[in-house]
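See structure below.
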Amino acid sequence: MAWADSSQVIGLNNDGVKALNSNNYQLAIQKFEAALKLDPNYKLARDNLAIAHNNYGLQLRNNPAEALKQFHQALYLNQTNVTTMQNVEGIIRMMGKDPKSFADRVALGDQARLAADFVGAIIEYSAALKLKDDPKIHVKLGDVYRVRDETDKAIAEYQAAARAGDSADIEVKLGQAYQAKKDIPNAIAAYTKAITFKSDDADVQDALVAGWEEALKENPLAPENHIGLGQAFQYRGDFGQAEQEYQQAIRFSPGKTNPLASKLLAGLAGAKVQANLSKHVNNGVDLQAKGQFDAAIAEYQQAIAADPRNKDVDDIYVNIGSAYQAKKDYTNALTWYQKALSVDPSNDQAKAGITAATNLQKDTIVTEKYASGGQKFKAGDYDGAIADFQAVLKVNPNDPDTLFSLGASYQAKKDFDDAIKCYQQALAANPKSQQFKDALDQAYIKKAEPIIAAAVKLHEAKNYDGAIAGYTQALQITPNNASLWYNIASAEYAKQEYNRAKDAYQKALGLDPKGQVADWYLIGAIDENYGRVPEALGYYQKYLKEAPTGTYAAAAKERFDILSKGGKPEKIKSETELANEKAADEQYQQAVKLQQSKQYDAALPLYQKALQIAPNNADYVFALGTLYQAMGKLSDAADWYQKAITLAPNNADLPKYLAEVKNLQAGQIFDQASAKQTSGDNAGAIELYKQGLAVSSKNARVWTNLGIAYQQTDQWGPARDAYQKAYEIDAKGEIGDLYLMAQLDENANQGAKALGEYQNYLRQAPTGQYASAAKDRVKVLTANPTNVVRLQTQGQIAQIKTANDAYDAGVKLQTGGDLDGAIAKYDAAIAANPNEAAFWYARGTAYQAKKDFTKAIPDYQKALSLSPNNKDMQAVYNAALAEQSGPVVNEAIQKQTAGDFAGAIELYKKAIATTPNDATLYTNIASAYQQAEDFANAKTSFQKALQLDPKGQADNNYFLGILDENSGQAPAAISDYTKYLQAQPKGQYAVIAQGRLSTLRANPSATQKIVTKAAAAAQAADAAKLGEAQAAYDAAVKAQTANNLDEALVQYKKALAISPNEATYWYGEGTAYQAKNDMDNAINDYKKAVSLNPRENTYKQTLTAAQAAVNAAKAAPLVDAAIKKQTAAKPDLPGAIADYEAALKLNDDAYTNMNLGTAYQAANNLPKALEKYRRAIALDPKGSADAMYYAGTVLEGMKQGPNALREYQNYVRTAPTGQFVNDAKARIKALGGK
């Protein structure tokens, strides 16, 4: 190593300074790092490197994450540099985080750690710890130091974590760090401490075992190491292993005696019992925590059974008691708590359990009795409820809810005095309860109710003094009852003691301003009665403000308006006057109820009686009008509505009712008109529509109906006027009338006017019911405004109806089988309307049903001339033609089937002459031509069939492909097959067509000839030879299966002599040679099979395997020699490596690569070892899982911790039960992984 003052180190530092001054920070960093590699203690280069990282971070400020990495490096190199600290904090703020936030600094540390930026993680975790001493962060920082192999720093952090908040996990990590330093005593001390935190934790137990095993490796004869390992096994519950280690300790002790080991050995049986007991207790605790109390109790009882005399049995009794308590079984809980105290009278948990269970038991009694009392109260068992509530109060005498419920029970029994006492006690216990206050008030009211009821009876009997005395007595019980003061006021009012009444009204208002709002009006009336106008106006105004829609609102407003304008004050009406008004109102109210229940006849005399008393009451007059309207007496209703309008001319609603009843009058007339119109009496309908419109002229729909009635009687002008009127009243609702007017204008020969109306209709109703027809008319009239359409008169419509009726009758007769009768009716229909295609068509079907094609076909032709686009008619016409030629076609098919192709062709020609557009006939004749080997005519006929019916005869494309192949026209055949597959992708010839298409595209010259009779004979001869070859091949396979390889080879060669280009035969012969271990001939045969059929992967794979087997056989001696050299007592590693390398040149397999890797690793050539391990993994990932573990150990040796961690994790995932899995897991933990 060079020294700090050497020219090389100084030169590198100077070069770095030059790069630093020229702002080339990356080059500067490289130079300073190179200097420090030569001399790690060169402080100047270290300080300069810190400056370079800092300045580079400033240059990267637009990329805060990268800048922070540079500042981290700078601060790590110089941890006291204030400027760098400020830069770190500044860039953290730029990232939207708070450098003074513990959580933010931890998060940044986590991000750096995940990105393998361990320097950044160290800086951030350290900064976080300055803000808060957190054991978890000490552990994270320690883990980072472990990954960087800075074990002493890792130990310091784990110790700091333990000081801040020790745990089993921390002590395990501390122990692993000590163990990595080979400081086994401290490692074991840490593991032992971890056991005290979590003795049942499997990881902690494993760590303690691993620590003692490491101690044994260093000194396998030390008895204390065996004792320590035995205790570790004992913690893990492995008593057999523990026993063996204690015995080993005794064997290795002087004189083969060891008191401690003997003591531990003797105590194993008790330890087993204690372990079993602890297991059941722990299981019980876990089950109890999950709420599985019965299962927990069973576990506790098994623990007791395991050791009934255990010194801690009282604690188990307490656990059982707590489980019963959790089940709310307080009796059993108390039994077990008492049992615990009988064992240990000082057991505080048992005492606390007894107190809690006793209180809970009392609470249960309270809860159950309270609930029972509530249920009895609901069921009406008030005495039972009282008993239950009193039982609750014995336990909890001041419970307000129970006192309240007891009071309610007394009140239900009408024992108001006891109820009041209970409510008072409940309120004393809970003074803020509004419910209790309301209940107490209600009890007072209930107590006063009989007195009030008696007073009301006296009031009703006009014994006002007696009533007032009763109300006053009730007030002594319920002094805040505003209604009682109102009743007193009413009695005084009836006595005409108005000033006393006023005082009582005011007291009622004082107690209940909202509920007694009407009193403002009554006080106003009293003041008006005495001429106190200003006061009266004030009270009326107050009433209207508080109750603008109240009972007296109209009267108050009326009196306020009159008095405000200087009107005369009104005296209070006498009792007689009031009685008359009341009587009238009673008649009126009763009549209203009867009317509401639709008892109209009973309501009528009551309304009339009310009007006899108050003839000018507009409300009564209006109500009588509504009654007449409900009775359907619309004329009477209209008269009374008119009288109501006269009495109350300012009521805006009354004219609406009058208009409604008039509409109803008109509606009855309109309904009659509609009925006549529906029955065909348009003249009668017109007269009724006119009468109705005279009553109600604004009904747009009626005007439309009138227009239709006029139009149905051929009165075009009045019809248009009616449509016009309807449209003017409701343009939106009667938009269709625009179209109807346009029709009438067309009929009047006013095409231009009609065009405008059609266009206007389409603008307003583009999707209306007449839109399609309107568009058609616009198109026609736009082209020629004079091309108008006349409407049919009723006579013309009648004639069409006659034709349609005859047609319908003909259809019915034809359906019933009366063809002649049907034809007669069709004749009549045609005579009435000869331009209807359906009539001609129907008659044609009847003639066809009679097999009279000479008459049916002309009728079909006539129907098609009238409706040329009717596909259904065309299809039936074609079918008729086909049926007519059916016998000829059947005879042709018979001849073709019998092989008389010439005779079949002549008959097909005759059928085609009758039905020249029948595509099927052309297909049939084409097949006959092809069978007769007349390929030219066959092709022409197939093409004609396709021309007539491309979809129905799509198979002909396939047949044309065969014909074009036969004539050597590959492009045409390709086109034919393509068209067929496009039309019939799943057709019956699809597979064959696809095969031919693939063949011709690959080799257009590979067209197939149609097998003629001569060619068929030649093929039969070839087939015989091929049969001989196949028979020889089958015999060879059979002989080979029977392991008669020589006979198999004879038969293979016989097959190949006949068919030398059959790849299957060469492959079979190769397998026979390979079975005889004649690998050279086998490989030659496999190569021949591959050359003949290069697409068959099996041939290629077998050839490759055979070659590999040959190479492996050649390499095997080299591998064996290498293994012997490597595993010799004095290993010859160079010789082993040379043999492995030579073997790999012959056979590059995973096993040999992995072995070579172990040899290179043993020779400390770690890069080459890693290369071979990775080659083995690439060749066979599963079979070479051990190579992953070896690669991890190599990478650790190369100081590549993160890469090593990945290899260990890959190994554990690939081989979870592999031989190195425990070691791999230990290394993963050590490297900070999971």
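So that you can scan it fast, the table gives a plain yes or no per residue for (1) loosely packed, with under 15 Cβ neighbours inside 10 Å; (2) touching a residue at least 24 places away in the same chain (Cβ under 8 Å):
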| site | (1), (2) |
| --- | --- |
| Arg309 | yes, no |
| Tyr317 | no, yes |
| Ser322 | no, yes |
| Gln325 | no, yes |
| Lys328 | yes, yes |
| Leu334 | no, yes |
| Val343 | no, yes |
| Ser346 | yes, no |
| Ala352 | yes, no |
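Could you tell me which numbered condition Ile523 fails, if it satisfies all but one of (1) on the phi > 0 side of the Ramachandran plot; (2) touching a Phe, Trp or Tyr at 6+ places or on another chain (Cβ under 7 Å)?
Status for Ile523: all satisfied but (1).
When you go through (1) at pLDDT below 90; (2) touching a His at 6+ places or on another chain (Cβ under 7 Å) one by one for Val144, which number turns out not to apply?
Val144 satisfies all of (1) at pLDDT below 90; (2) touching a His at 6+ places or on another chain (Cβ under 7 Å) except (2).
When you go through Arg1175, Arg1206, Arg1227 one by one, which is the residue that is within 44 Å of the chain's Cα centre (by Cα), over 25 Å from Ala187 (Cα atoms), among the basic types (Lys, Arg) and assigned to a helix (DSSP H, G or I)? Show your work before the answer.
Values: Arg1175 fails: within 44 Å of the chain's Cα centre (by Cα); Arg1227 fails: over 25 Å from Ala187 (Cα atoms).
Among Arg1175, Arg1206, Arg1227, only Arg1206 is within 44 Å of the chain's Cα centre (by Cα), over 25 Å from Ala187 (Cα atoms), among the basic types (Lys, Arg) and assigned to a helix (DSSP H, G or I).
Could you go through the range 1192-1202 and let me know if any residue there is part of a helix (DSSP H, G or I), within 30 Å of Tyr145 (Cβ to Cβ) and in contact (Cβ under 8 Å) with a residue 60 or more places away in the chain. Let's see the steps before the verdict.
Taking the range 1192-1202 as the starting set, the residues that turn out to be part of a helix (DSSP H, G or I) are 1192-1197, 1201-1202.
After this cut, where a residue has to be within 30 Å of Tyr145 (Cβ to Cβ) as well, the list is 1192-1197, 1201-1202.
Within this subset, residues satisfying the condition of being in contact (Cβ under 8 Å) with a residue 60 or more places away in the chain are 1201-1202.
Scanning the range 1192-1202 turns up at least one residue that is part of a helix (DSSP H, G or I), within 30 Å of Tyr145 (Cβ to Cβ) and in contact (Cβ under 8 Å) with a residue 60 or more places away in the chain.
Confirm whether Lys217 is under 60 Å from the mean Cα position of the chain (by Cα) and not hydroxyl-bearing (Ser, Thr, Tyr).
yes
Take the conditions part of a helix (DSSP H, G or I), free of Cβ contacts under 8 Å to residues at least 60 places away in the same chain and crowded, with 20+ Cβ neighbours inside 10 Å and apply them to Gly1157. Does it pass? First the steps, then the outcome.
Numbers: part of a helix (DSSP H, G or I): yes; free of Cβ contacts under 8 Å to residues at least 60 places away in the same chain: yes; crowded, with 20+ Cβ neighbours inside 10 Å: yes.
In short, yes.
So Asp415 ticks every box in (1) assigned by TED's automatic domain parsing to the domain that holds Gln375; (2) under 57 Å from the mean Cα position of the chain (by Cα) but one. Which box is left unticked?
Condition (2) is where Asp415 drops out.
If you check Ala904 against the conditions, is it within 24 Å of Asp955 (Cβ to Cβ) and without any contact (Cβ under 8 Å) to a residue 12 or more places away in the chain?
Taking the combined requirement at face value, the residue does not satisfy it.
Do we find a residue being of a type outside the set (S, T, N, Q), under 30 Å from Gly952 (Cβ atoms), free of Cβ contacts under 8 Å to residues at least 60 places away in the same chain and assigned to a helix (DSSP H, G or I) anywhere in the range 999-1016?
Within the range 999-1016, the subset of a type outside the set (S, T, N, Q) is 1000-1002, 1004, 1006, 1009-1011, 1013-1016.
In the following step, the residues that additionally are under 30 Å from Gly952 (Cβ atoms) were identified as 1000-1001, 1009-1011.
Among the residues that remain, those that are also free of Cβ contacts under 8 Å to residues at least 60 places away in the same chain are: 1000-1001, 1009, 1011.
If we keep only those that are assigned to a helix (DSSP H, G or I) too, we end up with 1000-1001.
Scanning the range 999-1016, I find at least one residue that is of a type outside the set (S, T, N, Q), under 30 Å from Gly952 (Cβ atoms), free of Cβ contacts under 8 Å to residues at least 60 places away in the same chain and assigned to a helix (DSSP H, G or I), so the answer is yes.
Report every pair of residues separated by at least 6 positions or lying on different chains whose Cβ atoms are under 6 Å apart, first residue within the range 1074-1091 and part of a helix (DSSP H, G or I), second hydroxyl-bearing (Ser, Thr, Tyr).
Hits for this filter: Asn1081/Tyr1073; Ala1082/Tyr1073; Tyr1086/Thr1102; Ala1089/Tyr1067; Ala1089/Tyr1099; Val1090/Tyr1099.
Would you check if there is a residue in the range 930-943 being surrounded by 23 or more Cβ atoms within 10 Å (Cβ to Cβ) and within 11 Å of Val889 (Cα to Cα)?
no
Could you say which residue among Asp964, Asp976 is crowded, with 19+ Cβ neighbours inside 10 Å, among the acidic types (Asp, Glu) and out of contact with any Leu (no Cβ under 9 Å at 6 or more places or on another chain)? Walk me through how you get there before you give the answer.
Numbers: Asp976 fails: out of contact with any Leu (no Cβ under 9 Å at 6 or more places or on another chain).
Answer to the check: Asp964.
Scanning the range 680-701 for residues that are touching a residue at least 12 places away in the same chain (Cβ under 8 Å) and assigned to a loop (DSSP other than H, G, I, E, B), which turns out farthest from the chain's Cα centre (by Cα)?
Ser696
Quick check: is even one residue across the range 484-497 among the charged types (D, E, K, R) and surrounded by fewer than 19 Cβ atoms within 10 Å (Cβ to Cβ)? If you could, list the steps in order and put the result at the bottom.
To start, the set of residues in the range 484-497 that are among the charged types (D, E, K, R) comprises 492, 495, 497.
From the residues that got through so far, the ones that are surrounded by fewer than 19 Cβ atoms within 10 Å (Cβ to Cβ) too are 495, 497.
Yes: the range 484-497 contains one or more residues that are among the charged types (D, E, K, R) and surrounded by fewer than 19 Cβ atoms within 10 Å (Cβ to Cβ).
For the range 80-140, which helices (runs of 4 or more DSSP H) that fit wholly inside it have 2 or more residues that are farther than 25 Å from Ala1230 by Cβ and either in contact with a Phe, Trp or Tyr (Cβ under 8 Å, 6 or more places away or on another chain) or at pLDDT below 90 (or both)? If you could, list the steps in order and put the result at the bottom.
Numbers: elements: 82-94, 102-114, 118-131.
Qualifying helices (runs of 4 or more DSSP H): 82-94.
Which of the residues spanning the range 370-387 are part of a helix (DSSP H, G or I) and either touching a residue at least 24 places away in the same chain (Cβ under 8 Å) or more than 25 Å from Lys327 (Cβ to Cβ) (or both)?
Here is the first cut: in the range 370-387, the residues part of a helix (DSSP H, G or I) are 370-378, 382-387.
Within the range 370-387, Tyr370, Gly373, Gly374, Lys376, Phe377, Lys378, Tyr382, Asp383, Gly384, Ala385, Ile386, Ala387 qualify.
Could you check, for the range 454-464, whether at least one of its residues is over 30 Å from Lys495 (Cα atoms) and not in a loop (DSSP other than H, G, I, E, B)?
For the range 454-464, residues over 30 Å from Lys495 (Cα atoms) and not in a loop (DSSP other than H, G, I, E, B): absent.
Output the helices (runs of 4 or more DSSP H) that fall wholly within the range 781-882 and possess 2 or more residues being closer than 30 Å to Tyr710 by Cβ, or say none. Give the derivation first.
Values: elements: 794-815, 819-832, 837-849, 853-866.
The qualifying helices (runs of 4 or more DSSP H) are 794-815.
For the range 898-917, name all the residues that are among the small types (Gly, Ala, Ser), surrounded by 14 or more Cβ atoms within 10 Å (Cβ to Cβ) and modelled with pLDDT under 90. If you could, list the steps in order and put the result at the bottom.
Filtering the range 898-917 down to residues among the small types (Gly, Ala, Ser) leaves 898-899, 902-904, 911, 913.
Checking which are surrounded by 14 or more Cβ atoms within 10 Å (Cβ to Cβ) leaves us with 903-904, 911.
Ala904, Ala911 - these are the residues of the range 898-917 that are among the small types (Gly, Ala, Ser), surrounded by 14 or more Cβ atoms within 10 Å (Cβ to Cβ) and modelled with pLDDT under 90.
Would a scan of the range 588-595 turn up a residue that is touching a residue at least 60 places away in the same chain (Cβ under 8 Å) and either hydroxyl-bearing (Ser, Thr, Tyr) or surrounded by 14 or more Cβ atoms within 10 Å (Cβ to Cβ) (or both)? I'd like the intermediate steps shown before the answer.
Initially, the range 588-595 is screened for residues touching a residue at least 60 places away in the same chain (Cβ under 8 Å), giving none.
Within the range 588-595, none of the residues are touching a residue at least 60 places away in the same chain (Cβ under 8 Å) and either hydroxyl-bearing (Ser, Thr, Tyr) or surrounded by 14 or more Cβ atoms within 10 Å (Cβ to Cβ) (or both).
Specify which of the listed residues (Gly810, Gly736, Gly751) is crowded, with 16+ Cβ neighbours inside 10 Å and in contact with a Pro (Cβ under 6 Å, 6 or more places away or on another chain). Before the answer, list the steps.
Working: Gly810 fails: in contact with a Pro (Cβ under 6 Å, 6 or more places away or on another chain); Gly736 fails: in contact with a Pro (Cβ under 6 Å, 6 or more places away or on another chain).
Just a single option satisfies the conditions, and that option is Gly751.
Among the numbered criteria (1) surrounded by fewer than 19 Cβ atoms within 10 Å (Cβ to Cβ); (2) closer than 20 Å to Val139 by Cβ; (3) over 40 Å from the mean Cα position of the chain (by Cα), which single criterion is violated by Ala107?
Single failed check for Ala107: (3).
Name the residues in the range 847-878 that are under 60 Å from the mean Cα position of the chain (by Cα) and exposed (fewer than 15 other Cβ atoms within 10 Å of the Cβ), would you?
Step one: filter the range 847-878 for residues under 60 Å from the mean Cα position of the chain (by Cα), giving 863-864, 866-878.
Across the range 847-878, the qualifying residues are Pro868, Asn869, Lys871, Asp872, Ala875.
Within the range 596-613, take every residue that is more than 13 Å from Thr626 (Cα to Cα) and of a type in the set (A, V, I, L, M, F, W, C) and give me the one that is surrounded by the fewest Cβ atoms within 10 Å (Cβ to Cβ).
Restricting to residues being more than 13 Å from Thr626 (Cα to Cα) and of a type in the set (A, V, I, L, M, F, W, C), the top hit is Ala602.
Can you name the condition, by its number, that Gln677 falls short on among (1) crowded, with 16+ Cβ neighbours inside 10 Å; (2) part of a helix (DSSP H, G or I); (3) modelled with pLDDT of 85 or more; (4) not basic (Lys, Arg)?
Unmet condition: (3).
Here are some residues: Asp418, Asp388, Asp441, Asp399. Which one is under 24 Å from Gly510 (Cβ atoms) and charged (D, E, K, R)?
Working: Asp418 fails: under 24 Å from Gly510 (Cβ atoms); Asp388 fails: under 24 Å from Gly510 (Cβ atoms); Asp399 fails: under 24 Å from Gly510 (Cβ atoms).
Exactly one residue qualifies, and that residue is Asp441.
What about Val1221, is it among the β-branched types (Val, Ile, Thr) and closer than 25 Å to Pro1134 by Cα? Write out each step before concluding.
Numbers: among the β-branched types (Val, Ile, Thr): yes; closer than 25 Å to Pro1134 by Cα: no.
So Val1221 fails the test.
Can you name the number of the only condition in (1) farther than 21 Å from Lys173 by Cα; (2) modelled with pLDDT of 90 or more that Tyr1208 fails?
(1)
The values are calculated or read from the model by the stated rules, or taken from the named source; none is laboratory data. If you're wondering where the values come from, they're calculated on a predicted model, not measured in any experiment. No Cβ is skipped: glycine too gets one built from the backbone with ideal geometry, and neighbour counts run over all protein chains shown.
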